[in-house]
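Below is one structure, written out as structure tokens; the observations come after it.
The values are calculated or read from the model by the stated rules, or taken from the named source; none is laboratory data. Only a predicted model underlies this, so the values are computations on that prediction, with no experimental measurement involved. Neighbour counts run over all protein chains shown; Cβ positions are idealised from the backbone, glycine included. These area figures cover heavy atoms from the full protein model, side chains too; ligands, DNA and RNA do not enter into them. Shrake-Rupley method; radii C 1.70, N 1.55, O 1.52, S 1.80 Å.
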Amino acid sequence: MNILIIEDEKRNFNRLRRLLERLDTTCCIERPLASIAESVEWLHTHPAPDLILADIRLSDGLSFDALRQTDTASPVIFTTAYDEYAIQAFKFNSFDYLLKPVRSDELAAAINKVRRQCAAPSASGEELRQLLEYMRRSNYRYRERFLLPYRDGYVSVQVKDISHIALDGRATRLYMKNGTAESVPYSLDELENQLNPDEFFRVNRQYLIRIDSILSVNNWFNSRLKVHLKKYPGEEIVVSRERATALKEWLDR
């Protein structure tokens, strides 16, 4: 089986290669492609691989863009570090996705699924087309700003200026790096889906925090963590034991 890996982190590529070589010693693994531009060039100039393992987010955008530009019919297994809202798209077709760090048993199951599909390659191509069309209609792009009422008009608030987002009673409030706060008509669940998970992390039911707003992370009781923010020294955010491991992995990417 010829396998192409689209992945912009060397350690993730090495891990996938080791797992694949253990599962199938006869597989041929192509060098990693780390960007949309590189992926498009390779797919245009090489025969279609038997399988593509593609990270969702690359150094210059989303791997969906590379697949859309090349109209590849190869089966695809997507990988991601976060259980993103876009993953819902994969649940109505026969493609698969794996959460990082990828586990050997899950990779084996996904590859077996691909092999079963090989009997109907035209169906796989149609399903990829449907997936890409779904992403196009959904305008797969993370929020960059909020348009909020202000006096007798509106003001635009940039996402990059947010320190953290928190529930205040029943209201959801954006706490800005300049110390001000704005209410928005969205739930934390909705904002978690709208904001780039490379930049924002849901530490508990009450808080979404931005990575560059973190001052320190300290161990707390019962394997929990406590997060301190740069611009809000009085704000102490406790991370549950269940979310503590995920937070450390997010900060270590």
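Any residue at all in segment 233-251 that is closer than 21 Å to residue 143 by Cβ, of a type outside the set (Lys, Arg) and not in a loop (DSSP other than H, G, I, E, B)? Yes, some residue in segment 233-251 is closer than 21 Å to residue 143 by Cβ, of a type outside the set (Lys, Arg) and not in a loop (DSSP other than H, G, I, E, B). Residues that are loosely packed, with under 13 Cβ neighbours inside 10 Å and in a helix (DSSP H, G or I) were ranked within segment 131-172; the one that is modelled with the highest pLDDT is 160.
For segment 31-89, a residue qualifies if it is part of a helix (DSSP H, G or I), modelled with pLDDT under 85 and surrounded by fewer than 22 Cβ atoms within 10 Å (Cβ to Cβ), and the qualifying residues are 65, 68, 69, 70, 85, 86, 87, 88, 89. Apart from one condition, residue 198 fits all of (1) outside any strand (DSSP E or B); (2) over 26 Å from the mean Cα position of the chain (by Cα); the exception is (2). Considering segment 183-223, the residues that are of a type in the set (S, T, N, Q), touching a Lys or Arg at 6+ places or on another chain (Cβ under 9 Å) and surrounded by 13 or more Cβ atoms within 10 Å (Cβ to Cβ) include one that is nearest to residue 148 (Cα to Cα), namely 194. Tell me yes or no: at least one residue of segment 3-20 is modelled with pLDDT of 90 or more and in a loop (DSSP other than H, G, I, E, B). Checking segment 3-20: at least one residue is modelled with pLDDT of 90 or more and in a loop (DSSP other than H, G, I, E, B).
Annotation note: of 45, 70, 25, the sole residue that is in contact (Cβ under 8 Å) with a residue 12 or more places away in the chain, of a type in the set (S, T, N, Q) and out of contact with any Cys (no Cβ under 8 Å at 6 or more places or on another chain) is 70.
Here residue 230 fulfils each of the conditions (1) in contact with a Phe, Trp or Tyr (Cβ under 9 Å, 6 or more places away or on another chain); (2) under 19 Å from residue 161 (Cβ atoms); (3) open to solvent by 70 Å² or more (accessible area, probe 1.4 Å) apart from (1).
Restricting attention to segment 9-24, the residues being buried (at least 16 other Cβ atoms within 10 Å of the Cβ) and polar (S, T, N, Q) number 1.
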